[in-house]
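Input: a single structure, listed below in structure tokens.
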Amino acid sequence: MVAAKPDVQTVRKIVARACRAPSLHNSQPWRWTWNGASLRLYIDDRRLLPYTDAFNRQGIIACGAALDHAQVAGAALGWEMQVSVFPGPLDRSHLASLSFRGRHAPLEADELLGAAIETRCTDRLPFTAPFQWIGLEVVLRTLCRNFGTHLRVLDRSQHRDLNRISDTAAALRRADPRYQDELHGWAGDTWRPYAGIPASARATAQAAEKVATGRMFPVGAADAATHLSIEDRAAIVVLSSDNDTVESLLECGRALSQLLLECTVEGLATCTLTHVTEAPSVRAMVSDLLGLDYPQVLVRIGQATAPSPPRTPRLPLESVFDLDPESPGPGYGRSSAAAT
Ligand SMILES: Cc1cc2nc3c(=O)[nH]c(=O)nc-3n(C[C@H](O)[C@H](O)[C@H](O)COP(=O)(O)O)c2cc1C
């Protein structure tokens with residue numbers, strides 16, 4: 001293995017792929033710095049959604065997903081990276097540092113996972129049942145366990161109960177003007193060129209009706225007209241943690257990233273769901289239904305019934321990635337012009 005540090009161009013490639021990670025309403029609450037030796041991930045509290053995600057759990061989970069995406073992107077280029085979480089006890093906004101341990105020829109599995117970053121998307125249409133589910137379930141459970149996160153698959157009778165809980169969440173949120181403002185600000189007709197959920201990624205009213213457990217978004221354009229007779233047969237999994245500490249949430253985000261990318265490699269469509277874990281009263285219903293103390297995120301998984309929508313936008317790299325002049329490590333500034 002060659003022990004070397006990547007150049008700034010390589011780090012930029014890794015960060016760009018990391019930023020393809022999913023986030024609540026595509027808010028992208030992250031910031032990255034590179035000091036020539038380590039890549040640092042911070043939470044950007046200007047991009048949190050206080051009325052949707054009152055405890056910032058989803059902001060941390062999204063950052064965890066971006067952290068894992070960075071490691072996957074590095075591995076696809078042959079870089080072995082070591083993650084250290086919450087490295088500075090005095091700065092809790094500094095979520096993680098990634099250091100580069102060396103480089104070798106990338107493994108095919110790593111390249112596949114890296115390529116999945118480019119094709120993964122959130123699909124809000126109905127799905128048919130996932131193929132080869134039993135074997136995949138075991139793999140997904142193991143991937144999650146590697147990050148201290150538990151995976152539970154809902155049985156069909158629990159789907160009905162979850163649909164009722166989802167209706168309750170929607171009813172509560174309809175009566176919450178601040179939530180609605182936030183929803184329409186990020187996923188409505190307000191034009192956000194580099195963030196938010198565009199109409200092309202939101203379902204039409206007819207398609208949304210087919211998905212009993214989806215979040216209620218403003219009507220969009222994603223449709224599967226020829227498939228509208230299809231009943232949604234998605235598998236639904238719940239990721240849960242042992243507690244709500246930021247450490248566990250970050251790990252849950254890393255597990256979510258692994259799960260979504262693995263499903264993408266397997267040709268499956270996914271949709272992350274959190275509207276039933278936001279309000280404490282609704283989250284308690286999910287806890288009771290499944291006997292889980294800390295449910296964090298649900299994911300619908302299945303076969304897509306329409307081609308993927310265009311990729312959702314991301315912030316320009318320049319606005320989320322900086323060279324860190326405070327703590328220059330070896331190699332800092334060598335190609336700094338490339339990153340500005
Ligand atoms: C923590 C978290 C919560 C999310 N909650 C929902 C949700 O409730 N409903 C939904 O349709 N998508 C949800 N998403 C998916 C995001 O809307 C999506 O990742 C974002 O719009 C970017 O689009 P992309 O995943 O297609 O790249 C969530 C994603 C994350 C990471």
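For this structure, a couple of remarks:
- Within the set LEU112, LEU39, the sole residue that is away from the ligand (no atom under 16 Å from the Cβ) and crowded, with 20+ Cβ neighbours inside 10 Å turns out to be LEU39.
- Search result, residues across segment 223-254 that are buried (at least 23 other Cβ atoms within 10 Å of the Cβ) and in contact with a Gly (Cβ under 8 Å, 6 or more places away or on another chain): ALA234, SER241, LEU249, LEU250, GLU251, CYS252, GLY253, ARG254
- Selection count, segment 83-106, where residues are small (Gly, Ala, Ser), assigned to a loop (DSSP other than H, G, I, E, B) and surrounded by 11 or more Cβ atoms within 10 Å (Cβ to Cβ): 2
- Residues in segment 120-146 that are buried (at least 19 other Cβ atoms within 10 Å of the Cβ) and basic (Lys, Arg): 2 in all.
- Number of residues in segment 30-49 that are of a type outside the set (Gly, Ala, Ser), touching a residue at least 24 places away in the same chain (Cβ under 8 Å) and assigned to a loop (DSSP other than H, G, I, E, B): the value is 3.
- Restricting segment 302-312 to residues that are in a loop (DSSP other than H, G, I, E, B) and under 21 Å from the mean Cα position of the chain (by Cα) leaves a set whose member that is nearest to the ligand (Cβ to nearest atom) is THR312.
- Beta carbons closer than 9 Å, at least 6 apart along the sequence or on distinct chains, pair a first residue in segment 94-123 that is over 17 Å from PRO6 (Cβ atoms) with a second that is among the β-branched types (Val, Ile, Thr) and assigned to a loop (DSSP other than H, G, I, E, B) for CYS121/THR312; THR122/ILE197; THR122/THR312; ASP123/THR305.
- Scan of segment 89-105 for residues that are more than 20 Å from ALA73 (Cβ to Cβ) and among the aliphatic types (A, V, I, L, M), ordered by number: LEU90
- Exactly one residue out of LEU250, LEU298, LEU289, LEU315 is assigned to a helix (DSSP H, G or I), within 18 Å of the chain's Cα centre (by Cα) and modelled with pLDDT of 95 or more: that is LEU250.
- In segment 42-60, residue nearest to LEU239 (Cα to Cα) [restricted to those that are out of contact with any Asp or Glu (no Cβ under 7 Å at 6 or more places or on another chain), surrounded by 18 or more Cβ atoms within 10 Å (Cβ to Cβ) and hydrophobic (A, V, I, L, M, F, W, C)]: ILE60
The values are calculated or read from the model by the stated rules, or taken from the named source; none is laboratory data. Just so you know, these numbers come straight off a predicted model, no measurement behind them. With ideal geometry, Cβ positions are generated from the backbone for all residues, glycine too; neighbour counts draw on all protein chains shown.
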